[in-house]
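Trainee: Handing you this structure, nothing more for now.
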Amino acid sequence: MTPRIAVLIVAWNGKQDLRLCLSSLQITLRDSPPYDICVVDNASSDGTADWLAAQHPAVQLIRSETNLGFAGGNNLGLKSLLKQGYEYILLLNQDAVAKNDFLSPLAACLDAHPEISMVQPLILQFQHPNLINTDGNPIHFLGFGYAGNCDLPLEVVEPGYRERECIPIPAASGAAVLIRSRLLKEIGLFDDFFFSYNEDLDLCWRARLAGAGLALCPRARVYHNYDYQRPTGQKTSLLERNRLAALCKNYRLGTLLLLSPVLLLFELYMLLYAARNRWFTLKLRGYRELAAQKPTLRQKRRQVQALRRVSDRQIVQWFTAELKFERVSSRLVAVGNRILSVYWFIFRKIILW
C-alpha cells in the first residue's frame, strides 16, 4: 500500500549535504507516519545519482538530463508522485537536517485543519541552532519575499509559539513544506520559467488566491545547513525577473494600475542599483526574457485569475511594505521602509476589488 506521504528532494552537486539529510531522516522519522522518499538529481556532476542508487536503493531516483533548477526539478518529481497517489508531499531541501520527528506534527496539522493546504516547520540554522532561518516568509507588495525573522534568537519569538499548533503565515518556504496533493492538482505546480528563486512565493500567492490556508507548525523543526553569502548579480537578476513575473500573473489589472507609479520608481531604483553593482546587463536580459515570455505569461495570468476565489483586497492584507531581512539592513532600507509604509497604508485602502 502506498504511504500517504512522499518526501521530495531536489539534488544538485550536493552529495555531502544529501548524505547528512537522508541519514537524519532515517534516524528521526522512525515513528512518523509511513513515507517514501523521491530524489530528483538535477544533472549533478559530482556523482550524486550513482552514489544514491548504490547507497539508498529504496529511494525513488529520477535522473534529469539537464539542470532544471529548483522549480523544474521539483516539478519533475511532483508529476511522478502525483500519479502515484500520495495525499501529502513534503518538499525538502538537500541541505536540510532533521534532529527530531518533524513530519508527524506537520501531517497532524493538515489532518486536523482541512482549510490549510500548505504547512511548514520552524526552520532553524544548522550552524547556529538557536537562530531562526525562517518561520514563514513575508510577501512585499512589490513582489519579493524574504525569510521571516531570519537571525532572530529563538528565545525571542518562542513564547508566541507556545500552545499553538498552527499559525497563519503569508507564504511558506520551499526549503521545507508539506503540501496537499489536491492543491497542486487544482492550481498547478511551480512555474518552470522561474527556474530558481521566488518560485515558492509565486506558488503560495496562487494558493492563497485559490482560497488555501498557509501555516507554520512551530512544534515541527528542521535545520538548514547552509552559509549565507551576499547575492551575486546572477542571483539578484533572477530574483528581479521572477518578481516581475509574479506581479504580472497574480495581481488584478486594477491593482497593477494603482501600484504602477511606485512600481516604475522602484524599477528605476533597481536599474541604478544594478548599474552601480555591475549587473546592469543581467537586469536588461531579465526584461528581454520577460518580453519573450509575453504570450505564455498572458496565458498563465488567465489561468491564475480563472482559479481565483479571493479578492486582491483580501490578499493584500497578508502583504507588507517593509523589508525586515536583517542581512540586507541599512539606512537606505530603513528610509525606504518608512516611505513605502506610508504609501501602502494609503493605497491599500483603495483596493476594493
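Trainee: What number of residues within region 104-146 satisfy the criterion of being closer than 21 Å to VAL316 by Cβ and of a type in the set (A, V, I, L, M)?
Mentor: 4
Trainee: Within region 27-44, can one find any residue that is assigned to a helix (DSSP H, G or I), touching a residue at least 40 places away in the same chain (Cβ under 8 Å) and surrounded by 22 or more Cβ atoms within 10 Å (Cβ to Cβ)?
Mentor: No, there is no match, as no residue in region 27-44 is assigned to a helix (DSSP H, G or I), touching a residue at least 40 places away in the same chain (Cβ under 8 Å) and surrounded by 22 or more Cβ atoms within 10 Å (Cβ to Cβ).
Trainee: Can you name every residue in region 137-153 that is buried (at least 19 other Cβ atoms within 10 Å of the Cβ) and farther than 25 Å from LEU263 by Cβ?
Mentor: Hits for region 137-153 are ASN149, CYS150.
Trainee: I would also like to ask the following. Within region 291-300, is even one residue closer than 18 Å to LEU257 by Cβ and surrounded by 17 or more Cβ atoms within 10 Å (Cβ to Cβ)?
Mentor: Yes: one or more hits.
Trainee: Moving on. Please work out which residue is modelled with the lowest pLDDT, limiting yourself to region 158-174 and to residues that are of a type in the set (A, V, I, L, M, F, W, C) and either more than 18 Å from PHE70 (Cα to Cα) or surrounded by fewer than 23 Cβ atoms within 10 Å (Cβ to Cβ) (or both).
Mentor: First pass over region 158-174, keeping only residues of a type in the set (A, V, I, L, M, F, W, C): 166-167, 169, 171-172.
Subset that is either more than 18 Å from PHE70 (Cα to Cα) or surrounded by fewer than 23 Cβ atoms within 10 Å (Cβ to Cβ) (or both): 166-167, 169.
On the way: CYS166: 93, ILE167: 96, ILE169: 97.
Among those residues, the one meeting the criterion is CYS166.
Trainee: To continue, here is another question. Would you pick out the residues in region 290-313 that are under 21 Å from the mean Cα position of the chain (by Cα) and more than 13 Å from ASN250 (Cβ to Cβ)? If you could, list the steps in order and put the result at the bottom.
Mentor: Here is the first cut: in region 290-313, the ones under 21 Å from the mean Cα position of the chain (by Cα) are 290, 297, 300-301, 303-305, 307-308, 310, 312.
Listed by number, the list holds a single entry, LEU290.
Trainee: Another question, then. From the list LEU259, LEU239, which residue is aliphatic (A, V, I, L, M) and closer than 30 Å to PRO121 by Cβ? Full working, then the answer.
Mentor: On the way: LEU259 fails: closer than 30 Å to PRO121 by Cβ.
So the residue among LEU259, LEU239 that is aliphatic (A, V, I, L, M) and closer than 30 Å to PRO121 by Cβ is LEU239.
Trainee: Could you list, in sequence order, all residues of region 46-96 that are more than 16 Å from ARG180 (Cβ to Cβ), of a type in the set (Ser, Thr, Tyr) and buried (at least 17 other Cβ atoms within 10 Å of the Cβ)?
Mentor: THR48, SER64
Trainee: Let me ask you something else. Please return the ranges of helices (runs of 4 or more DSSP H) entirely within region 256-353 where 3 or more residues are under 30 Å from ASP192 (Cα atoms).
Mentor: On the way: elements: 280-292, 294-307, 312-315, 331-347.
Correct list: 280-292, 294-307, 312-315.
Trainee: Something else now. Of the residues that sit in region 6-18 and are in contact (Cβ under 8 Å) with a residue 12 or more places away in the chain and assigned to a helix (DSSP H, G or I), which one is farthest from the chain's Cα centre (by Cα)? Write out each step before concluding.
Mentor: Filtering region 6-18 down to residues in contact (Cβ under 8 Å) with a residue 12 or more places away in the chain leaves 6-15, 17-18.
Then drop every residue that is not assigned to a helix (DSSP H, G or I), which leaves 15, 17-18.
Values: LYS15: 22, ASP17: 20, LEU18: 20 Å.
Top of the filtered list is LYS15.
The values are calculated or read from the model by the stated rules, or taken from the named source; none is laboratory data. No experiment lies behind these values; they were computed from the predicted model shown. Virtual Cβ from ideal backbone geometry, glycine too; neighbours counted across all protein chains shown.
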